[in-house]
1. Can you confirm whether the range 118-125 contains a residue that is surrounded by fewer than 17 Cβ atoms within 10 Å (Cβ to Cβ), part of a strand (DSSP E or B) and in the same structural domain as residue 205 (by TED's automatic domain parsing)?
2. Pick from the range 208-229 the residues that are modelled with pLDDT of 95 or more and surrounded by fewer than 17 Cβ atoms within 10 Å (Cβ to Cβ): which of them is farthest from residue 334 (Cα to Cα)?
3. Which condition number in (1) farther than 21 Å from residue 185 by Cα; (2) touching a helix residue (DSSP H, G or I) at 6+ places or on another chain (Cβ under 8 Å) is the one that residue 85 fails?
4. Only one of these is surrounded by 16 or more Cβ atoms within 10 Å (Cβ to Cβ), farther than 13 Å from residue 253 by Cβ and at pLDDT below 95: 277, 328. Name it.
5. Does residue 234 fit the bill of being closer than 19 Å to residue 252 by Cβ and under 22 Å from the mean Cα position of the chain (by Cα)?
6. Is it true that residue 320 is in a helix (DSSP H, G or I), assigned by TED's automatic domain parsing to the domain that holds residue 150, out of contact with any helix residue (DSSP H, G or I) (no Cβ under 9 Å at 6 or more places or on another chain) and in contact (Cβ under 8 Å) with a residue 12 or more places away in the chain?
7. Being under 11 Å from residue 137 (Cβ atoms) and modelled with pLDDT of 95 or more is the filter; apply it to the range 191-207 and report the residue that is surrounded by the fewest Cβ atoms within 10 Å (Cβ to Cβ).
8. Scan the range 186-199 and give yes if some residue there is within 17 Å of the chain's Cα centre (by Cα), in the same structural domain as residue 333 (by TED's automatic domain parsing), part of a helix (DSSP H, G or I) and touching a residue at least 12 places away in the same chain (Cβ under 8 Å), otherwise no.
């Protein structure tokens, strides 16, 4: 049975139906061999005009969802790029932020505590200690006391040279110690020839130890390893290698570079610092895992650079019974103040008397 003819058709049969995309169209079922393509196109145009639309309307279903997905995708990409950029920035700047090395000229121009031993009325001998890089020896000052005096190996912190810490070295000298105060390679005279690293500064401390025990023929029991700030971390590493030393004094030291980074910039909590850090100086791990000589921790209660809680943490983590701690009232990171200096002199003198017999 033939289907009924639609009025106005061109000889073929057709049926009308709806597509699932939301608009209607007609499909011609052509049974008439005389129907050509021109007639089909004419019929389609006629149907479109009759419906009042020359083109199917654009789809709107799902448009809002697609836009939201694009926004989320762009936001995630932005976060990923920002995260990678922050990690790359941290990787690039860590050397300068950790060490802040200065030449002799820079330390004289930028700081008001630049001094020579002669400025403080101290007899001294300039020294050079050879390293495996001949163009970059270790430069230092030797401040002699009596022949039987303890020998303090003084290791300074960041953003200074040996010229800027002579007032600390003088305190030890006034307490009866001979003092060797050094600049690591990358500081002072060697600023332009090399850059410091955790490995290199620890090598320099070791070379200075060898200089005293070898060329100086000084027994390890007479050597007091002393470190301030970053130098405290270096001193802890050296003392862990030489527990036979007579003693260790750690002043204004931090627990680790990772903890200091988190303290300075909380955004670093989201970074994989264990992977990014080339210089870890993980002092709290070192004191927990290694035997040390007798150690005195000193810290100013008003230290705005390294919080006093880090000193407490180092003290608690240190193994063995030969550990002591003194917190100085009114003292900051580098300057002890009158009250703090008096307490410092008393505590260090007592430590020297107990372990060095001075």
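1. Quick first cut of the range 118-125, residues surrounded by fewer than 17 Cβ atoms within 10 Å (Cβ to Cβ) only: 118-121, 123, 125.
Remaining after also requiring part of a strand (DSSP E or B): 125.
Next cut, in the same structural domain as residue 205 (by TED's automatic domain parsing) only: 125.
Yes, some residue in the range 118-125 is surrounded by fewer than 17 Cβ atoms within 10 Å (Cβ to Cβ), part of a strand (DSSP E or B) and in the same structural domain as residue 205 (by TED's automatic domain parsing).
2. In this case the residue turns out to be 219.
3. (2)
4. Values: 328 fails: at pLDDT below 95.
None of the other options fit; the residue is 277.
5. Values: closer than 19 Å to residue 252 by Cβ: yes; under 22 Å from the mean Cα position of the chain (by Cα): yes.
Yes, satisfied.
6. On the way: in a helix (DSSP H, G or I): no; assigned by TED's automatic domain parsing to the domain that holds residue 150: yes; out of contact with any helix residue (DSSP H, G or I) (no Cβ under 9 Å at 6 or more places or on another chain): yes; in contact (Cβ under 8 Å) with a residue 12 or more places away in the chain: yes.
For residue 320, the condition - in a helix (DSSP H, G or I), assigned by TED's automatic domain parsing to the domain that holds residue 150, out of contact with any helix residue (DSSP H, G or I) (no Cβ under 9 Å at 6 or more places or on another chain) and in contact (Cβ under 8 Å) with a residue 12 or more places away in the chain - is not met.
7. That would be 207.
8. Filtering the range 186-199 down to residues within 17 Å of the chain's Cα centre (by Cα) leaves 195-199.
In the following step, the residues that additionally are in the same structural domain as residue 333 (by TED's automatic domain parsing) were identified as 195-199.
Still in the list and also part of a helix (DSSP H, G or I): 198-199.
Narrowing the set further to residues that are touching a residue at least 12 places away in the same chain (Cβ under 8 Å) leaves 198.
Checked against the condition, which is being within 17 Å of the chain's Cα centre (by Cα), in the same structural domain as residue 333 (by TED's automatic domain parsing), part of a helix (DSSP H, G or I) and touching a residue at least 12 places away in the same chain (Cβ under 8 Å), the range 186-199 yields at least one hit.
The values are calculated or read from the model by the stated rules, or taken from the named source; none is laboratory data. This is a predicted model, so every value here is computed, not measured. Methodologically, a virtual Cβ is constructed for each residue, glycine included, from the backbone with ideal geometry; neighbour enumeration extends over all protein chains shown.
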